[in-house]
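The values are calculated or read from the model by the stated rules, or taken from the named source; none is laboratory data. What you are looking at is a predicted structure, and each value in this text was computed from that prediction instead of being measured. Don't worry about glycine lacking a Cβ; one is built from the backbone with ideal geometry, like all the others, and counts go over all protein chains shown. Calculation scope for accessible area: heavy atoms of the full protein, side chains included, ligands and nucleic acids excluded. Shrake-Rupley method; radii C 1.70, N 1.55, O 1.52, S 1.80 Å.
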Amino acid sequence: MKVLVATEKPFAKVAVDGIREVVEKNGYELALLEKYTDVNDLYKAVADADALIVRSDKVTKEVIDHAKNLKIVVRAGAGYDNLDLEACTARGIVAMNTPGQNSNAVAELVMGMLVYCVRNFYNGKSGSELMGKKLGLLAFGNVGRNVARIAKGFGMEVYAFDQFLTAKQIEDGGVHAVDNRDALFEQCDIVSLHIPATPETKQSIGYDVVGKMRKGGILVNTARKEVIDEAGLLKLMNERADIKYISDVMPDADAEFKKLEGRYFATPKKMGAQTEEANINAGIAAANQIADFFKNGNKKFQVNK
Ligand code: 3PG
């Protein structure tokens, strides 16, 4: 039985060592394809794999077509918009994610990027503090909850809206519930996005909703670039010189955003989950889920039901 780890953006070595240990302990063979730049290398590597572990790597129908033995693919991470679930289902391949495993890493980056932003990108000029500011979380899942925990340590007032949770469920999580998405933008100084990229959320954050933010509003995106209506956000930021956008998912229109000097920052490569700890957590969880699936038929984290 062969388990292929195919990661264009590799895990830390210590995480790969941990994955290898789990795979070999269970009597399987580990194959590693890292930093590949040609999709043909992935097609070749996946040809005899029984199981596949990926990060944001695109598992398209073409990849599935080349993977004749594949039974399970695990996205080591939260968002699985990179997996063609229909193609997996059509072949009877189980697709899973590893929810929660890298969420603290993303949450810490949110706070780091926020400090960087309110201190004027460390240019030495007088900035502002996070204490007492209202932070709005759009979606209150694993990452949102970790952001809330850390933000409270900064003395921030934390609010959340999540279309899949009741106000009580949100309040039970220790933050203030807000009635709807627009109200979150209206009421908060900073809004942090934690929604997945789905047909409903794609391009859903743009001119109108961000335009509801109060003066000096900051939008933080560690989710997916696809949820932003880039043209709409650019139009707004050109009209309102007080709005700032900081992102861990570089927009397609990066060059246009860069013209908004002092109000925009994007990491060159998505790095929210790029810590040794998150790599170990998500990578080893993926390997264990594969072993548990093969040995016990456990499909707990299946996302293509
Ligand atoms: C996730 O969905 O888990 C994060 O966006 C992390 O993605 P990455 O594994 O590509 O860093």
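Using alpha-carbon pairs under 8 Å, 6+ residues apart, how would you state the relative contact order of the chain in percent?
For the chain, the relative contact order is 19 percent.
Output wanted: per-residue J couplings in Hz (rounded whole) for the range 228-236, from phi through Karplus 6.51 cos²θ - 1.76 cosθ + 1.60, θ = phi - 60°, x for Gly and Pro.
8, 8, 4, 4, x, 5, 4, 4, 4
Using R₀ = 35 Å, calculate the FRET efficiency as 1/(1 + (r/R₀)^6) where r is the Cβ-Cβ separation of THR166 and GLU276; round to 0.05. Could you put the intermediate results ahead of the total?
On the way: r = 37 Å, r/R0 = 1.04.
My answer for the efficiency is 0.45.
Report, in whole Å, the centroid distance computed from the Cα atoms of the range 61-133 and the range 248-288.
8 Å
Quick check: from the Cα gyration tensor, does the range 103-266 come out rounded (a/c under 1.5), prolate or oblate? Show your work: numbers first, answer last.
On the way: a/c = 1.60, a/b = 1.22, b/c = 1.32.
The shape class here is oblate.
Pull out the extension gain between GLU129 and GLU200, defined as 0.36 nm times the separation in residues minus the alpha carbon to alpha carbon distance; nm, one decimal.
Taking GLU129 through GLU200 to full extension adds about 22.1 nm, to one decimal.
If you place +1 on the Cβ of every Lys and Arg, -1 on the Cβ of every Asp and Glu, and leave all else neutral, what size is the dipole of the range 103-266 about its Cα centre, to the nearest 20 Debye?
440 debye
Apply 1/(1 + (r/R0)^6) to the Cβ-Cβ distance of VAL115 and ALA12, taking R0 = 25 Å, and write down the FRET efficiency to the nearest 0.05.
Details: r = 24 Å, r/R0 = 0.96.
Efficiency at R0 = 25 Å is approximately 0.55.
Mind jotting down the three principal axis lengths of the chain based on Cα atoms? Whole angstrom, largest first.
Here the spans come out as 57, 42, 35 Å, largest first.
Mean separation of Cα pairs under 8 Å and 6+ residues apart, divided by the residue count of the range 103-266: what relative contact order is that in percent?
After rounding, I find 18 percent.
Looking only at the range 206-233, which residues have a backbone nitrogen under 14 Å from a spot 7 Å from the Cα of ARG240 in the C-beta direction?
206-220, 232-233
Once you mark the GluC sites (Glu not before Pro) that are in a DSSP loop and have at most 13 other Cβ atoms within 10 Å, what is the longest gap between them in the chain? Intermediate values should be presented prior to the final figure.
Numbers: sites that count: GLU129, GLU200, GLU261.
My reading of the result: 1-128 is the longest stretch.
Mind checking which of GLY262, ALA45, ASN296 is farthest towards the positive end of the chain's charge dipole, using Cβ charges of +1 (Lys, Arg) and -1 (Asp, Glu) about the Cα centre?
Going by the Cα projections, it comes out as GLY262.
May I ask you to give the percent of accessible area on the chain that is carbon plus sulfur, with a probe radius of 1.4 Å?
50 percent
Going through the cross-link list LYS125/LYS258; LYS44/LYS305; LYS9/LYS44; LYS2/LYS202; LYS134/LYS212; LYS35/LYS300, which pairs have a Cα-Cα distance over 25 Å in this structure?
As for pairs spanning more than 25 Å Cα to Cα, those are LYS44/LYS305; LYS2/LYS202; LYS35/LYS300.
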